[in-house]
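J.: Handing you a structure now.
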Amino acid sequence: LLLENDLRIALELRQFHLAYQPLVDLEGGHLVGAEALLRWDHPQKGSIPPSEFIPLSEESGFILPLGEWVLRTACRQTKQWQEQGYPPLVMSVNLSIRQFRQHDLCERIEKVLEETGLEPQWLELEITESIMADVAFATAMLERLKKIGVRISIDDFGTGYSSLYYLKRFPIDKLKIDRSFVNDILTDRNDAAIVSGISAMARNLNLTVTAEGVESEGQVAFLREQRCQEAQGYFFSRPVPPEQFVSLFDAEK
Ligand code: G
Ligand code: G
Ligand code: MN
Ligand code: NA
């Protein structure tokens, strides 16, 4: 049984790490971004997946300090790669709804950017459709975030609140098509239609679109045909520790 106190101790003992998964531009085939994903290496229990500790973190409110640690660590890493001379990439960080609802979220983000020296255009916040439940609050918060200069993406697009209303109302930059739609694009005509439809819609709305969960060459070819801009998934790389991520930069040279 996991308790909130275990999470606090884990953070103090530096048992959390970030893994980074590349986002690839499908036309040119080059690295354009990374998604930061939390990992917990427990000395006795081994690796504990986010599905086991993110829900508890959200219920207990621990996601606030934990999420801020993720943000700071990811921004610092991005800046460090820039300083090492690697081509700049956009770092995506998952933002829980609890974080999104903090009234001082913008101040916290600005502080992290200032501390780490990362320019805002290199930070992308991944939010889910669940934030749309409160349209007035979400609109105001997204506009404040855009003023800072960070990017906003909708994660797991298509699985949530699913109102197209916000696509034209909200200042968002990117849709990330949930991997449940991408899995069977080669065999399921409905999934293929959904993915090509979202890609076309995103293009016409001037939004970037990323297909998640891309695992095969065939899926890549299909997505290219649909002029889907970006992809992410095991085909390119699993989420990896930073030491391993730099070899993806090096492979490009
Ligand atoms: O990396 P993995 O596929 O195991 O992630 C499982 C889930 O945990 C995903 O839905 C992902 O968005 C979530 N997750 C991973 N890292 C973070 C994080 O830093 N913050 C939040 N809020 N969720 C995360
Ligand atoms: O909900 P979110 O999109 O943040 O979740 C990202 C999760 O998806 C990560 O936990 C990551 O490990 C997982 N993931 C990334 N690429 C693939 C893939 O190609 N296949 C599968 N099954 N999962 C993936
Ligand atoms: Mn995500
Ligand atoms: Na997703």
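The values are calculated or read from the model by the stated rules, or taken from the named source; none is laboratory data. Please read all numbers here as calculations on a predicted model, not as lab measurements. Using ideal geometry, Cβ is built from the backbone for each residue, glycine included, and neighbour counts are taken over all protein chains shown.
J.: Can we say GLN232 is within 16 Å of ligand 4 (Cβ to nearest atom) and touching a Pro at 6+ places or on another chain (Cβ under 8 Å)?
T.: Values: within 16 Å of ligand 4 (Cβ to nearest atom): yes; touching a Pro at 6+ places or on another chain (Cβ under 8 Å): yes.
For GLN232, the condition - within 16 Å of ligand 4 (Cβ to nearest atom) and touching a Pro at 6+ places or on another chain (Cβ under 8 Å) - is met.
J.: Checking TRP40 against (1) among the hydrophobic types (A, V, I, L, M, F, W, C); (2) more than 13 Å from ligand 1 (Cβ to nearest atom); (3) without any contact (Cβ under 8 Å) to a residue 40 or more places away in the chain: exactly one of these is not met. Which one?
T.: For TRP40, the failing item is (2).
J.: Can we say GLU52 is within 16 Å of ligand 4 (Cβ to nearest atom) and touching a Phe, Trp or Tyr at 6+ places or on another chain (Cβ under 9 Å)? Lay out the reasoning, then the answer.
T.: Working: within 16 Å of ligand 4 (Cβ to nearest atom): no; touching a Phe, Trp or Tyr at 6+ places or on another chain (Cβ under 9 Å): yes.
Spelling it out, it is not the case that GLU52 is within 16 Å of ligand 4 (Cβ to nearest atom) and touching a Phe, Trp or Tyr at 6+ places or on another chain (Cβ under 9 Å).
J.: Could you grab me the full set of residues in the range 22-52 that are within 16 Å of ligand 3 (Cβ to nearest atom) and either more than 18 Å from GLN244 (Cα to Cα) or in contact with a Gly (Cβ under 8 Å, 6 or more places away or on another chain) (or both)? If you could, list the steps in order and put the result at the bottom.
T.: If we filter the range 22-52 for residues that are within 16 Å of ligand 3 (Cβ to nearest atom), which is where we start, we get 22-24, 32-39, 49-51.
Of everything in the range 22-52, those that are within 16 Å of ligand 3 (Cβ to nearest atom) and either more than 18 Å from GLN244 (Cα to Cα) or in contact with a Gly (Cβ under 8 Å, 6 or more places away or on another chain) (or both) turn out to be PRO22, LEU23, PRO49, PRO50, SER51.
J.: Let me ask something additional. Being of a type outside the set (A, V, I, L, M, F, W, C) and assigned to a helix (DSSP H, G or I) is the filter; apply it to the range 163-177 and report the residue that is farthest from ligand 1 (Cβ to nearest atom).
T.: The first filter runs over the range 163-177 and keeps only residues of a type outside the set (A, V, I, L, M, F, W, C), leaving 163, 165-166, 168-169, 171, 173-174, 176.
Next, from what is left, pick out any that are assigned to a helix (DSSP H, G or I): 165-166, 168-169.
Details: TYR165: 24, TYR166: 20, LYS168: 25, ARG169: 24 Å.
Looking at residues that are of a type outside the set (A, V, I, L, M, F, W, C) and assigned to a helix (DSSP H, G or I), I get LYS168.
J.: Could you check SER51 against (1) more than 14 Å from ligand 2 (Cβ to nearest atom); (2) at pLDDT below 95; (3) closer than 30 Å to CYS228 by Cβ; (4) not hydrophobic (A, V, I, L, M, F, W, C) and say which number it fails?
T.: (1)
J.: Residues to consider are LEU186, LEU164, LEU223, LEU207; find the one that is at pLDDT 95 or above and more than 16 Å from ligand 4 (Cβ to nearest atom). Break it down into steps so the answer makes sense when it comes.
T.: Numbers: LEU164 fails: at pLDDT 95 or above; LEU223 fails: more than 16 Å from ligand 4 (Cβ to nearest atom); LEU207 fails: more than 16 Å from ligand 4 (Cβ to nearest atom).
Result: LEU186 is the single residue among LEU186, LEU164, LEU223, LEU207 that is at pLDDT 95 or above and more than 16 Å from ligand 4 (Cβ to nearest atom).
J.: List every residue pair whose Cβ atoms sit under 9 Å apart, with the two residues 6 or more apart in sequence or on different chains, where the first one lies in the range 90-118 and is within 23 Å of PRO50 (Cβ to Cβ) and the second, anywhere, is aromatic (Phe, Trp, Tyr) and within 13 Å of ligand 1 (Cβ to nearest atom).
T.: Hits for this filter: MET91/TYR20.
J.: Continuing with the same structure: Which of the following residues is within 16 Å of ligand 1 (Cβ to nearest atom) and in a helix (DSSP H, G or I): SER199, SER180?
T.: Values: SER199 fails: within 16 Å of ligand 1 (Cβ to nearest atom).
Step by step, each of SER199, SER180 is checked, and only SER180 is within 16 Å of ligand 1 (Cβ to nearest atom) and in a helix (DSSP H, G or I).
J.: Let me ask you something else. On the given criteria, is ASP173 over 21 Å from LEU113 (Cβ atoms) and either surrounded by fewer than 14 Cβ atoms within 10 Å (Cβ to Cβ) or of a type outside the set (Ser, Thr, Tyr) (or both)?
T.: Values: over 21 Å from LEU113 (Cβ atoms): no; either surrounded by fewer than 14 Cβ atoms within 10 Å (Cβ to Cβ) or of a type outside the set (Ser, Thr, Tyr) (or both): yes.
In short, no.
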